[in-house]
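Please treat every number below as a calculation from the coordinates, not as lab data. Every value quoted in this text rests on a predicted model; they were computed, and no experiment measured them. With ideal geometry, Cβ positions are generated from the backbone for all residues, glycine too; neighbour counts draw on all protein chains shown.
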Amino acid sequence: MNSGNDSERVKELEKANRILEKQIARCQRDRKQLETDIAAKEFLLKQVISELQDSQSALASRSEELEITLQNLHNMQSQMLQSEKMSALGQMVAGVAHEINNPVNFIYGNLGYLESYNQDMLRLIQLYRCFFPNAPKEIEKLQNEIEIEFLQEDVTKILNSMNLGTNRIREIVLSLRNFSRLDEAEFKAVDIHQGIDNTLLILQHRLKATSTRLEIFVVRDYAILPDVECYPGQLNQVFMNLLANAIDALEEVDFQQNFAQIKIITSVVNSHWIEIAIADNGNGIPESIQSQIFNPFFTTKPVGKGTGMGLSISYQIICEKHGGKFNCSSSIGKGTEFTIQIPIKQPSHNAS
């Protein structure tokens, strides 16, 4: 009896052993499949990171091209203004903004998807690691080679920097579009502060510190202004001339104990007029030549740097085109202030 029972017990154990071996084999197959999936996902993540880095390089290149375009635009602007080609300039700026905007929007529109894909893959990798903490040597080797921990952190930083970069370019493009309204043939009620801020954004590269001077600080003291009827593009050109001249003046000063500053003050004179004052703390303009600064082709800048047309054209835009007032006050060693006064509403008979 004992021999028979032992035989049956052995058969049961052998059957259980075969079942266990099949289960082990199935688990091993599943594990190998999961390990293959992990390796594939990590390889895909590495490819995505590589593509993101390529996109970031392209974005940096596009940003550099934009800065060069803005500088070239400013140079061409001076030449065009001398022959009063305002309309052509407006079309060119709008075209540049359009050409830049298309690829930037393509990158910006895909960043959200990339961020979502990245988060999905990071969650998947984390889940794999939770279920299979002891990865095979091949996977551990690949993880070390590609520095998976660093990649997981860096890809998020790359995406954030790309978001910041594309948003910055989109802001500049918007400013270019607003600034390019040089060929509008009718008065429009606009926000004066927006025009000033758009101009400052375009000149931002000139306000930064250089090897020869410190950063130029801009102080805005804005009052609550009503929308003003004007030719927006022409006023933008006046702001560009005055702010660029202020920067030029500050670059000639050796600030030892003080700092370079441009102050912009806006105010409501009365129910019919507003005022814009733009001042710098540069060397100032000698009293003997202050009466000549609005004359065509008069300039104190070195040959090749100034055309002498900026203030003359600005005076024409403010006084003749807008029926306003344009004055200058300057003291040697203290700086220069230009004051603009223009009507809030333009007479219907005022022509361009």
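Taking the fewest neighbouring Cβ atoms within 10 Å as the starting point, the ordered list for 188, 46 is 188, 46. May I ask you to list the residues of the range 133-162 whose amide nitrogen lies under 17 Å from a point 7 Å from Cα along the Cα→beta-carbon direction of residue 50? Only 142-148, 151-152, 155 fall inside the zone, counting backbone N under 17 Å.
Translational diffusion of the range 188-343 was estimated from the Stokes-Einstein equation, with Rh taken as the Kirkwood radius over Cα pairs; at 25 °C and 0.890 mPa s the coefficient is 153 µm²/s.
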